Amino acid sequence: MVSMKININDIDDLFENYTSTDGYTFDPDVSPCTQVINSHSINTVLTVVYSLVCFLAVTGNMVVMVVILYNRRTISSTDIYLLHLAVADLLFAGTLPFWAVDAIFGWVFGDAMCKIISMLQEVNFYSGILLLACISIDRYLAIVYSTQTHKQKRPFLIKLVCAAVWVLAIALSLPVLYKGKYIPVGFSRIMCYEILDGESAEIWRVTTRFLRHFIGFLIPLLVMIFCYSVTIQKLCQMKGFQKQKAMKVIIAVVLAFLICWLPYNITVFIDTLMRSKLIDETCDMQKHVDRALSATQSLGFLHSCINPILYAFIGVKFRRNLVNLLATTGIIKKRDKSQYEKSASACASGLTSTTI
């Protein structure tokens, strides 16, 4: 491996914000401002959070996939998006154990796994966000134009859109392949980090950051806001319980997305502005940003286990299919199934059973 001097201040990239722990060996020649300290207790908390999110996300998204595939004969366009979203969240969760170990021991999995895990996580980050935007468009078409073209079933077109999402996600994630295992100057543990050299390194990093801000957050968010705003206006013209139920689901979807990802994207954006010298970078500000990245990143990861609740468990159609599956496998009694179907029929409709 070629030795390369790297600024410790740069080691707060997308998923590796563990710049130091109590057990690190520091270089006395390095400026104190570049030695941002994450205590061992903070890294332990991150490990617990990553492990818990992984367990919840794997469990929830596996249930979603099983239920959708079990009822694939009646699969809808939204179900197809939900299936791909569950796959994205499941693969995303599968990378969390690696980062949980990294938070405590450093990167011990080698150079190749650094590239593979980073690429896998980035691909599923992009695909998950883009699929959320696709679901908002699908619900917009289903409710606002319910009497027109959306009633025509076009499963091939939906699958083509999903394939395009995955291809775009892979293309946008290619810069992550620059990552590799590295031991920074003044540190004693290996990190999975972007290995860039030369004057263009910082320009490349800032450019990819801005690209991630716009395509990975801002554009999908604007699409969701537009689609759901128009959808709510349409629902306001309706009357009854169906309207209230659908509006609550939409509000929950948008709020969950904003609460989980807005703090992290704001923090990364501030860090990007400092790197591009658009705002002044001070020692205290950099330390606060580094710590905020670790906290807000964990909040963003939490979204992968919230998705099954918001996009599936809250829907009458999914709950009905889940009960049917449990009854068929003998996990619940048919008597309990009948009682549930009676209660569900009182509030289910063509709108609420398919609206996300």
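Results for (1) free of Cβ contacts under 8 Å to residues at least 40 places away in the same chain; (2) more than 18 Å from the chain's Cα centre (by Cα), shown as yes or no for each residue.
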site	(1), (2)
Ser77	no, yes
Thr95	yes, no
Cys114	no, yes
Leu141	yes, yes
Cys162	no, no
Pro175	yes, yes
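Restricting the first residue to the range 37-62 and requiring it to be under 30 Å from Leu322 (Cα atoms) and open to solvent by less than 50 Å² (accessible area, probe 1.4 Å), which pairs with a second residue that is β-branched (Val, Ile, Thr) and at pLDDT 90 or above meet a Cβ separation below 8 Å and a spacing of at least six or different chains? Here the result reads Asn61/Val87, each pair linking the range 37-62 to a residue that is β-branched (Val, Ile, Thr) and at pLDDT 90 or above. Contact annotation: residue pairs with Cβ atoms under 7 Å, 6 or more positions apart or on different chains, pairing a residue in the range 259-276 that is more than 13 Å from Asp290 (Cα to Cα) with a partner that is not in a helix (DSSP H, G or I), are Cys260/Leu302; Leu273/Ile279. Taking every residue in the range 301-328 that is farther than 27 Å from Leu52 by Cβ and assigned to a helix (DSSP H, G or I) and pairing it with any residue that is open to solvent by less than 40 Å² (accessible area, probe 1.4 Å) and modelled with pLDDT under 75, at least 6 positions away or on another chain, the pairs with Cβ-Cβ distances below 6 Å are Val316/Ala344; Val316/Ala348; Val316/Thr352; Val316/Ser353; Lys317/Ser353; Arg320/Ala344.
Residue-by-condition table, conditions (1) part of a helix (DSSP H, G or I); (2) farther than 30 Å from Gln237 by Cβ:
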position: Leu91; (1), (2): yes, yes
position: Ala100; (1), (2): yes, yes
position: Val108; (1), (2): no, yes
position: Ala112; (1), (2): yes, yes
position: Ile117; (1), (2): yes, yes
position: Tyr126; (1), (2): yes, yes
position: Tyr140; (1), (2): yes, no
position: Ala163; (1), (2): yes, yes
position: Ala169; (1), (2): yes, yes
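Of all residues in the range 61-112, those satisfying the criterion of being touching a Pro at 6+ places or on another chain (Cβ under 8 Å) and polar (S, T, N, Q) are Asn61, Ser77.
If you check Ala246, Ala164 for being at pLDDT 70 or above and within 28 Å of Ile80 (Cβ to Cβ), only one passes: Ala164. Take the conditions (1) open to solvent by 20 Å² or more (accessible area, probe 1.4 Å); (2) over 13 Å from the mean Cα position of the chain (by Cα); Leu90 misses just one of them, which is (2). The residues of the range 218-243 that are of a type in the set (A, V, I, L, M, F, W, C) and at pLDDT below 85, listed by number, are Leu235, Cys236, Met238, Phe241. The set of residues from the range 98-112 being out of contact with any Ser or Thr (no Cβ under 7 Å at 6 or more places or on another chain) and open to solvent by 10 Å² or more (accessible area, probe 1.4 Å) comprises Phe98, Val101, Phe105, Val108, Phe109, Gly110, Asp111, Ala112.
Being under 18 Å from Pro308 (Cα atoms) and free of Cβ contacts under 8 Å to residues at least 40 places away in the same chain is true of Leu91.
The values are calculated or read from the model by the stated rules, or taken from the named source; none is laboratory data. Model, not experiment: these values are computed from the prediction. Note that we place each Cβ from the backbone using ideal geometry, even for glycine, and neighbour counts take in every protein chain shown. The accessibility values were calculated without ligands, DNA or RNA, using every heavy atom of the protein model including side chains. Shrake-Rupley method; radii C 1.70, N 1.55, O 1.52, S 1.80 Å.
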